[in-house]
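A quick write-up on the structure given underneath.
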Amino acid sequence: MPAKSKAQQQAAGAALAAKRGEMGKSELKGSARQMFDSMTEDELEDFAKTSRKGKPEHASNS
């Protein structure tokens, strides 16, 4: 499943880095921490590898 916004893609990248031990979980904030807790490494990788081109900065709530 691809990320729907640049912010979602970046949060997934941060959570993935923490899952891989490249950064500490304590450095994560907001949605990145929620993603870390609720998603597998494979799911995070799918979100993080999404191209940012043409994506809005933030996803709409609708």
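Can you give the longest run of the chain that contains no GluC sites (Glu not before Pro) sitting in a DSSP loop with at most 12 other Cβ atoms inside 10 Å?
It works out to 23-56.
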note = Candidates LEU44, LEU28, LEU16; GNM for the chain (alpha-carbon contacts under 10 Å) flags as most fluctuating LEU28
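Arrange the following residues from fewest to most other Cβ atoms within 10 Å of their Cβ: SER26, SER5.
Values: SER26 8, SER5 16.
Taking fewest neighbouring Cβ atoms as first place, the list is SER26, SER5.
Assigning unit charges at the beta carbon (Lys, Arg +1; Asp, Glu -1) and nothing else, what dipole magnitude in debye, to the nearest 20, does the chain show about its Cα centre?
So the magnitude is around 300 debye.
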note = Over the chain, the sum of -39500 (n - 2.57) across DSSP H runs of at least four, divided by residue number and rounded to 500 deg cm²/dmol, gives at 222 nm -14000 deg cm²/dmol
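None of the figures in this text is laboratory data; all of them are computed from the coordinates on show. Fair warning: this is a prediction, and the values are worked out from it, not measured in the lab. Backbone-built Cβ (ideal geometry, glycine too); neighbour counts: all protein chains shown.
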